[in-house]
Amino acid sequence: MSNSIAYLTSRANFAQAGQDVPVTKQRKADKFDPPEVLEANKRELVNDLVVKAKQVDYLIQSLPEPEPEEVQVRPHSQRRAVDFRLMCAAVPG
């Protein structure tokens, strides 16, 4: 996908963005694609982006449901209690 973006940006000619913004640079005619080819390449990039978005969505939907917070916290607090008991047992008293 990054290759597609790099290709599109390197093979496009500069266009005027607005009346107040002049075009200060032009590419040689052999360095940019005709408008039809550029449009076809942009459509291909958009299709690639849509496919990637669907793949990411599928992966997200495939993730397991998170455990409730109290289940996640319990092992941590139980470890702390064990650590505290071990620490108290190590102190002479």
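What the table shows:
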{"quantity": "Tabulated pairs, region 29-45, first closer than 11 Å to Ser4 by Cβ, second exposed (fewer than 13 other Cβ atoms within 10 Å of the Cβ), C-beta under 8 angstrom, 6+ apart or interchain", "calculated": "Leu45/Met1; Leu45/Ile5"}
{"quantity": "Residue that is nearest to Ala12 (Cα to Cα) [pool: residues in region 44-72 that are loosely packed, with under 10 Cβ neighbours inside 10 Å and charged (D, E, K, R)]", "calculated": "Glu65"}
{"quantity": "Residue pairs meeting the criteria (Cβ under 8 Å; at least 6 apart or on separate chains; first touching a residue at least 24 places away in the same chain (Cβ under 8 Å), in region 5-18; second in a loop (DSSP other than H, G, I, E, B) and open to solvent by less than 60 Å² (accessible area, probe 1.4 Å))", "calculated": "Arg11/Phe32; Arg11/Asp33; Ala12/Phe32; Ala12/Asp33"}
{"quantity": "Complete set of residues in region 1-42 that are within 28 Å of the chain's Cα centre (by Cα), surrounded by 10 or more Cβ atoms within 10 Å (Cβ to Cβ) and part of a helix (DSSP H, G or I)", "calculated": "Ser4, Ile5, Ala6, Tyr7, Leu8, Ser10, Val37, Leu38, Glu39, Ala40, Asn41, Lys42"}
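The values are calculated or read from the model by the stated rules, or taken from the named source; none is laboratory data. Bear in mind that the values here come from a model prediction, so they are computed numbers and not experimental data. Quick reminder, even Gly has a Cβ in these numbers, built from the backbone with ideal geometry, and neighbours come from all protein chains shown. Ligands, DNA and RNA are excluded from the accessible area calculation, which covers all protein heavy atoms including side chains. Shrake-Rupley method; radii C 1.70, N 1.55, O 1.52, S 1.80 Å.
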